[in-house]
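The values are calculated or read from the model by the stated rules, or taken from the named source; none is laboratory data. The shown structure was predicted, so the numbers you read here are calculated from the model rather than taken from an experiment. Ideal geometry is used to build each Cβ from the backbone, glycine not excepted, and the neighbour counts take in all protein chains shown. The area values use the complete protein model at the heavy-atom level, side chains included, leaving out ligands, DNA and RNA. Shrake-Rupley method; radii C 1.70, N 1.55, O 1.52, S 1.80 Å.
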Amino acid sequence: MMSPNFHEIDMRIGPLHNVIVGIDAGLAAIQKRLDTEEWFDGIEAREYAEPLFGLGFVAAQTYAIGTVSDLNSVRMSRGKSKEEKLDKHKCYAHDTFIKGDVTRIQLINASANYFKHHDEWPRWPTNYDTETLDKVGITEKTEFPCIDAVDLLCGTSWELNVLLQILEEWRAHLFSTLLCG
């Protein structure tokens with residue numbers, strides 16, 4: 001019997017949970033301002049929330065990348081060669097579809113990359129991430145792309161706990177289906 005590899009234990013979810021709790025606290029503060037400050041309207045709230053959601057996507061993307069690394073580590077400890085290393089994009093595609101042929105993890109990844117790089121873009125580029133976003137209706141005309149992505153993944157409650165559930169489910173699914181394959 002093989003001894004367990006410590007990469008099989010999800011040591012990443014705790015720190016991600018702490019990040020999400022912090023972001024949710026920031027979102028709650030925005031909601032409080034919306035409820036108490038007359039001048040602070042819905043557009044202002046969305047402008048404040050957009051970067052918080054973007055940071056949430058970057059944290060989720062970091063978790064996803066780490067999960068793929070963990071999976072490959074365990075696979076190699078069980079005799080797979082470096083040539084059999086799984087590509088992150090294959091792993092991101094190995095999930096529930098949110099809309100059309102875009103999975104939840106692909107949307108998280110594309111949203112994180114959008115958030116990290118959009119200020120560098122003189123115009124909306126054509127690349128893997130923007131094509132992924134476009135498939136779910138997020139385009140260069142979308143005013144708040146991260147909010148729209150959160151709405152698709154988590155609903156309109158603006159609570160990122162759903163991202164934690166999505167990522168935990170995805171990790172478990174990857175390990176149960178791709179560990180030996």
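Data for the structure
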{"read-out": "Residues being among the hydrophobic types (A, V, I, L, M, F, W, C), touching a Leu at 6+ places or on another chain (Cβ under 8 Å) and assigned to a loop (DSSP other than H, G, I, E, B) - total across the range 132-153", "value": "1"}
{"read-out": "Of all residues in the range 136-161 being over 17 Å from Phe115 (Cα atoms) and without any contact (Cβ under 8 Å) to a residue 60 or more places away in the chain, the one that is surrounded by the fewest Cβ atoms within 10 Å (Cβ to Cβ)", "value": "Thr156"}
{"read-out": "Restricting the range 14-36 to residues that are open to solvent by 30 Å² or more (accessible area, probe 1.4 Å), β-branched (Val, Ile, Thr) and modelled with pLDDT of 95 or more, the residue that is farthest from Leu179 (Cα to Cα)", "value": "Val21"}
{"read-out": "Candidate set: the range 111-131, residues that are farther than 18 Å from Phe53 by Cα and assigned to a helix (DSSP H, G or I); chosen: the one most open to solvent (accessible area, probe 1.4 Å)", "value": "Glu120"}
{"read-out": "Residue within the range 37-47 that is touching a Leu at 6+ places or on another chain (Cβ under 7 Å), surrounded by 15 or more Cβ atoms within 10 Å (Cβ to Cβ) and touching a residue at least 24 places away in the same chain (Cβ under 8 Å) present", "value": "no"}
